[in-house]
Amino acid sequence: MLDYTLPQFLAHAIALEREAAERYLELADMMEAHRNDAVSRLFRDMVHYSRLHHDSIVARAAGTPLPSLRLWEFHWSHPPEQGGEEAFDPALAPHAALQYARENELRALAWYTDAGQNTHDPEVRHLAAEFAAEEAEHVDALDDWLARTPP
């Protein structure tokens, strides 16, 4: 993990949440096309939550000049909250979709935690801890949702 400057950290955090929303939207549209309406609705909820988190980070970054990072300049090979291809199964059950979302949140939590632990910038450390706590809340919410959703 790299020692992020505040602008680098914010640019990565914004991209992380933007990529999550885009992936969930892609999945929701696909599920809708296959008439898997329950999972489509679930993924649309995830789009909404990802966009809320994205917008709050963008607001926090206001006034901070951010680098324009190209794909190969990000410090990950795959955005942490953009899961793999396993969710592209048109017959995906709601429980499996929630597990997919939970895994995404856990990877984002780990990324924010690592960023905060490996920086010398106290503001990055503070924001990373705050964002990690938000991701932990998302994991808890998904755990509750999973408990109410039959496998």
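Annotations for the structure displayed:
- Residue 114 free of Cβ contacts under 8 Å to residues at least 24 places away in the same chain, farther than 18 Å from residue 21 by Cβ and open to solvent by 60 Å² or more (accessible area, probe 1.4 Å): no
- The set of residues from the range 44-94 being hydroxyl-bearing (Ser, Thr, Tyr), touching a helix residue (DSSP H, G or I) at 6+ places or on another chain (Cβ under 8 Å) and open to solvent by less than 90 Å² (accessible area, probe 1.4 Å) comprises 50, 64.
- Filter result for residue 130 (part of a helix (DSSP H, G or I) and open to solvent by less than 60 Å² (accessible area, probe 1.4 Å)): yes
- Scanning the range 115-151 for residues that are of a type outside the set (Gly, Ala, Ser), more than 25 Å from residue 94 (Cα to Cα) and within 15 Å of the chain's Cα centre (by Cα) gives 130, 131.
- Selection from the range 117-127 of residues that are in contact with a helix residue (DSSP H, G or I) (Cβ under 6 Å, 6 or more places away or on another chain) and open to solvent by less than 20 Å² (accessible area, probe 1.4 Å): 119, 124
- Some residue of the range 61-74 being part of a helix (DSSP H, G or I) and within 16 Å of the chain's Cα centre (by Cα): no
- The residue pairs whose first member lies in the range 68-81 and is under 12 Å from residue 111 (Cα atoms), whose second member is of a type in the set (A, V, I, L, M, F, W, C) and part of a loop (DSSP other than H, G, I, E, B), and whose beta carbons are closer than 6 Å, counting only pairs six or more residues apart or on different chains, are 75/2.
- Flag for residue 11 being touching a residue at least 60 places away in the same chain (Cβ under 8 Å), assigned to a helix (DSSP H, G or I) and buried (at least 18 other Cβ atoms within 10 Å of the Cβ): no
The values are calculated or read from the model by the stated rules, or taken from the named source; none is laboratory data. Keep in mind that this is a model prediction, so the values were computed, not measured. Neighbour counts run over all protein chains shown; Cβ positions are idealised from the backbone, glycine included. Heavy atoms of the whole protein, side chains included, go into the accessibility calculation; ligands, DNA and RNA do not. Shrake-Rupley method; radii C 1.70, N 1.55, O 1.52, S 1.80 Å.
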